[in-house]
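Worksheet for the structure shown next.
The values are calculated or read from the model by the stated rules, or taken from the named source; none is laboratory data. Every value quoted in this text rests on a predicted model; they were computed, and no experiment measured them. Glycine gets a Cβ as well: all are built from the backbone with ideal geometry, and neighbour counts include every protein chain shown. These accessible areas exclude ligands, DNA and RNA; they are computed on the full protein's heavy atoms, side chains included. Shrake-Rupley method; radii C 1.70, N 1.55, O 1.52, S 1.80 Å.
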Amino acid sequence: MSFTLGIVGIGQFGSHFAELFAAHPEIDALYAVDAVPERIDAVEARGVTFAKRFDTLEDLLASDVDAVAIFTQRWTHGEHALAALRAGKHVYSAVPMAIKEEEIRAITEEVQRTGLVYMMGETSQYNAAVVLARRIHRSGAFGEVFYAEGDYVHDMDLGFYDAYKYSGGENWKATASYPPLLYPTHSIGGILGVIGERHATSVSALGRPDTRGDGVFDKDVSMFGNDVSNAFALFGMDNGGAFRTNELRRVGYPSHKRESRFRFFGEDSSFEETIDVTYWHDKKRVLDVTEQIATGATMSLDDPRLADVSPALRDAFVAGAAPAHHQERLPKEFQGLPNGHEGAHHFLVDDFARAVADGMQPMVNAWQAARYTLPGVIAHQSMNQAGERLEIRDLGDCPLPVQDLDADQEPIDLEALYAAQEAAKGTVAE
């Protein structure tokens, strides 16, 4: 069943995704909502056609549109998703799912009541390293994963000032102080996107107050009353293990090269990602899997479509597929189109479109999105309580049929990769 889609927020992300939604064969027509009509004009000038424009989200929800894609300010996602679900619309939401526990729970309740599709567009789900680690985990090679690490290391100086000015207007400093732990899904999602059978049960978190003194992360300026720019959280897992995440906004790190990175330690083997080199290793061998997660560019960094994006952020909007990705499952219409976030964008759009068309829930459904988001909300509370360990009340598994579009992907053959690596070494030695 094909469907119509309304995009709410035609900004840097909304405009980029509009091109992909427009190309997907399951989507019949696009509608648009943005407070700045010129942004819609700019997307149409690039060849994307909107069947109709609406002045407000309320007007869109009152129409006959089948689904909405929400790309509004991050603290509004929960409110907007609930409004859409209650209006009978399927929902794609940019991250995070919401910033309040009650909104997160309400979304899952509404999806269960209505059977509508909800998906959170977490890019880490299809980060090339996460995809490879997930394939390794599904092969059983890790054994039980008892510890993992996920870092979202994105310095404010590398494009975030420009991004907040673009979205926040004259009062951008008030929103640029957004609490790091309320944007937890890139780090948590990358971990649980691999070990999806696990979830967080408790957390203790700490935060470091900012020292820049430029009016960002200033409690007196912040609409969130937040002065923390770097935050650190340790989560307990339901198997007795743990995972740790860092959300860093003041850090000497080349986030344009790799803004998220992950490590997994299992009883049988492990996986470690650095900026330039990534390894899988068991108790005897070390395998360099860097080439398996290497992504090529899908467009130039100087492409006019990126004119509103800070040069320091453009790498995130051009990275295409890696050998680890399941490219065969994507619609042929996506070939040659812009991608981003290490090849994630194509897969996110395809997941949502096919879930709606097939009447099933996507992999990052409301319950999985809650597992990626709610632990950060509770971690933020722990940070504000001097690191007190707090319980995370898990919402459980998705009770509706879930569609795994990668279930038929060829299993990863670590033995073959290791043999090829050793053969290459022998060739060099000769």
Kirkwood Rh in Å, taken over the chain so that all alpha-carbon pairs contribute: 22.0 Å
Distance (nanometres) between label positions extended 7 Å along Cα→Cβ at residue 76 and residue 238: 3.4 nm
The chain, relative contact order [Cα under 8 Å, separation at least 6], %: 19 percent
P(r) of the stretch 137-218 over all Cα-Cα pairs, binned every 5 Å from zero, in whole percent: 3, 11, 18, 20, 14, 11, 10, 7, 4, 2, 0
Accessible area of residue 212 in the full protein assembly, 1.4 Å probe (Å², nearest 10): 110 Å²
Under-29-angstrom lysine pairs by C-alpha in the chain, whenever the two are 8 or more apart or on separate chains: 17
Protein-only accessible surface order, largest first, of 48, 251, 402 at 1.4 Å: 402, 251, 48
Selected from 60, 145, 319, residue furthest toward positive end of dipole (the chain; charges at beta carbon): 145
For the stretch 174-203 versus the stretch 96-111, the gap between their alpha-carbon centres in whole angstrom: 15 Å
Rounded to the nearest 20 debye, dipole of the stretch 61-157 from Cβ charges on Lys, Arg, Asp, Glu: 380 debye
Accessible surface of residue 348 - all protein chains present, 1.4 Å probe, nearest 10 Å²: 0 Å²
Solvent accessible area, Å² - residue 157, 1.4 Å probe, full protein context: 80 Å²
Within the chain, percent of DSSP bridges classed antiparallel, to nearest 5: 55 percent
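Counting residues in the stretch 377-430 as N, plug N into 2.2 N^0.38 Å and put the Cα Rg over that result.
Working: Rg = 23.3 Å, N = 54, 2.2 N^0.38 = 10.0 Å.
My calculation over the Cα atoms of the stretch 377-430 gives 2.33.
Counting other Cβ atoms within 10 Å, which GluC sites (Glu not before Pro) in the stretch 319-420 have at most 16 and lie in a DSSP loop?
Those satisfying the criteria are 388.
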Total charge dipole magnitude, the stretch 13-104, about the Cα centre, Cβ charges on Lys, Arg, Asp, Glu only, Debye to nearest 20: 140 debye
Point-charge dipole on Cβ atoms (K/R +1, D/E -1) for the chain, about Cα centre, debye to 20: 560 debye
Accessible surface, per residue, of the chain when the full set of protein chains is kept, probe 1.4 Å, Å²: 39 Å²
Carbon + sulfur, % of accessible area of the chain - ligands and nucleic acids excluded, 1.4 Å: 49 percent
Among 93, 202, 167: highest mean-square fluctuation, GNM of the chain, C-alpha pairs under 10 Å: 167
